[in-house]
Each structure stands twice: as C-alpha cells, then as structure tokens.
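Data block below; observations after.
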Amino acid sequence: MLTKDQQKTYFEHIVFFTLIVGLVYLLFFKVVFFTVILIFSYFLSESVYPFVKLTNRIGIPTWVSSLFGILIALSLIVFIFSLIVPVLIQQINKLDKSIPQLITNLENILNHLYYSILARFGWRREVIVFLNNLVSNIQTSAPSFALSSMFSIIKGLTALSALVIIPIISYFMLIARNYYRSSLKSFIFNILGENYLNVFIQIYEMSIGYIKGLLIVILIVTVLTYIGFKIVGLDYSIIFAILSGLAYIVPYIGSVIAIIPPLFLAIAINKSLLLTLEVGVIFISIHFIIGNVVAPFIFSKTINISPLFALVAILFFGELYGILGIIFAIPIAGIIMIVYKSFEPMLSKRRGQND
C-alpha cells in the first residue's frame, strides 16, 4: 500500500510526463512553423551574442551592439545566398529541360540492359512488362512532380516572407537574454521543483546540441559532396550536394536514398559507367566517414541512443506523422530517454521502499 507521499510523487511524475508529451506533440506536430521560427531566432541571437558580449566590455550599450550584430549576420547570410541561389536556380532550370531526354536515355539503357543480360534467363515477357511500366510511370509522374515542386517553391517563398520576424525576435532575445533565461528557470523551479527543472535543462541542452550538430554535419557533407562531384564533372553538382547534406535530417535512411539521384543522372544523362562508379565511390566514402566518425563524435555529448532505438523511433513516428515524424524522431527519442533516465532512479527507490 502506497503512502500519501508516495501517491503524491507518482501523481507528480504522471503529470510531468503528460506535460512533456503534450509539449512535444504541440511543438513538433501542431505549431511546427512557430517552432522553426523560434529555433532560427534563437540560433541567430546565439551567433550574435559573442559579438554583443565583446562590445559590452568597451562600453557599447546592449541594444546598439545587438542591432549592429544582427545586421552584420543578416548581411553575411544574404551575401552567401546571393552566391548560391542564382547557381542553384540555373541548375534547376537546366535539369527541368533535361527531363524528357533523361527519360529517353533511361528507356534506351533499360532496353539495352534487357537485351544484353536479362533475356538470357528467359524472362522476356516479364521484363518487357516491367520496363514498359517503369518508363510509363516516370513519364506520368515527372510532370506532376515538376508541378508539385513549383507549388512547393511558391509556398516556400511565401513562408520566407514571414521570416522577417526572425531578426526582430532575435533582437529581443539578445536584449532580454539573462532575464528570460532566469525567469524561465525560476518559473519551472517554483512550480515543479528542482528535479523537474534539471530534466528540462537536460532536454534543452540535448535539443540545442542536436540541432547544432545536425547543422554542422549538413554543412560538412554538402561542401565535401559538392567538391567531390565538381572534381569528377557531374552535372548539377550543387543540387545533389545540397540534397546529400539535407539527407542527414533523416538519419540512417536519408543518406541511402540521397545516392539514387546522382547515380541515376550519371547513367541516364552522362551515359558513363566510369562517372557512375566515381560518383558512387565519392558518395559512399563521404557518408561512411561522416556517419561513422564525424557524426558520432559530434552527437556523442548531446544525444546518446542506440541505432536500433533510433530506427524504431523513425519508423514509429514516421508511420504516425509522416515526414515530420521522421525528421523529429531522433530528438523525440532523446527526450524520451532523458525523461526515463531521470525518473528511473526515483521510481526504483520507491519500489525498493515498497518491497
């Protein structure tokens, strides 16, 4: 029989766990746009904070240094995008015009593959049906894919107009940095207590560390892939380099899927077996090193979950919430582990007292 104190403790655990689940669901699946805005604002303010801290030492007011620092950061971002975006748009337009030729080349390659290899096994009828269905599906889906991509770009540009608020939020985060941090900690401490405050701090550190690490990995993979593809002369190298980097948003699965487009392009457009092998070697080498050396080193101090648990989380949340579930599966799994590890000693202690 549980005492009143034990009943109260278990009730607190249940309430806190429900609160965490509710916050995760709300932030990751219901107000995603708000969450993204808040994350970008936070990282912009944190990137400017060292400059603000330095200028404060020489007597410059915080509001002046914060404003000046954000303007410098935004100017740098605009400069980088002004170099990348025109090239990216040019390659996208060029790729769009190459789609009909790509489909024709693919059909010829598949027919050649059939006549040179597969026909020897007596699968003539089955292979012809397979090839016809494959080419027909590509021809049917290519226009719809291009149309959906266009609408996605328009939607993305519309969303970018809302990101004007990011510098404003970042500015106020810098101005009230110490105040909002201490106020939030005091609020959680006074309402929930020290144990739960520590859990929130661990979740915060894990989430921010994971996002920082993910951004670093994406940047490294993108740069290395672009350099490698550029060296071997693959067309649309910047497109596939960006896709290769963004593939790390979906751990384990993303890097496998991201290798398909450049290999497909090397075969269908360039018609070069050597280029295909070079692209495959570059891609596999980069992702092998990043996946087995760099990424574990970066994420080891922020999130510590087994690959099996990560894959189960990706499949589970992907089934529930689609692409958003896949993207947020790892941080959610990390939050689950933090909550479990924080509560497990307390629960074990209670069980020991009951026994």
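The values are calculated or read from the model by the stated rules, or taken from the named source; none is laboratory data. This structure is a prediction, so every number in the text was calculated from the model and none was measured. Areas reflect the complete protein model, heavy atoms only, side chains present, ligands, DNA and RNA absent. Shrake-Rupley method; radii C 1.70, N 1.55, O 1.52, S 1.80 Å.
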Accessible-area order (highest first, 1.4 angstrom probe) of the listed residues Ile166, Ile84
Ile84, Ile166
At a probe radius of 1.4 Å, what is the per-residue accessible area of Ile259, in Å² to the nearest 10?
30 Å²
Quick one: how many Å² of Thr62 are accessible to a 1.4 Å probe, rounded to 10?
50 Å²
What are the ³J(HN,Hα) values, in whole Hz, obtained from phi via the Karplus relation 6.51 cos²θ - 1.76 cosθ + 1.60 with θ = phi - 60°, for each residue of segment 275-280 in sequence order, with x given for Gly and Pro?
5, 4, 5, 5, 4, x
Just to check, using Stokes-Einstein with a Kirkwood Rh over alpha carbon pairs, what's the diffusion coefficient of segment 196-285 at 37 °C and 0.692 mPa s in µm²/s?
231 µm²/s
Everything considered on the Cα gyration tensor (a ≥ b ≥ c; rounded for a/c under 1.5, else prolate if a/b is larger than b/c, else oblate), segment 234-318 must be described as prolate
Distance violations [Cα-Cα > 27 Å] among Lys30/Lys94; Lys185/Lys341; Lys53/Lys212; Lys53/Lys341; Lys30/Lys53; Lys97/Lys230:
Lys30/Lys94; Lys53/Lys341; Lys30/Lys53
What order do Met173, Met206 take when sorted by accessible area (1.4 Å probe), most exposed first?
Met173, Met206
Got a number for the accessible area of Ile267? Probe 1.4 Å, square angstrom, nearest 10.
80 Å²
Starting from the residue with the highest accessible area, list Phe172, Phe343 in decreasing order, probe 1.4 Å.
Phe172, Phe343
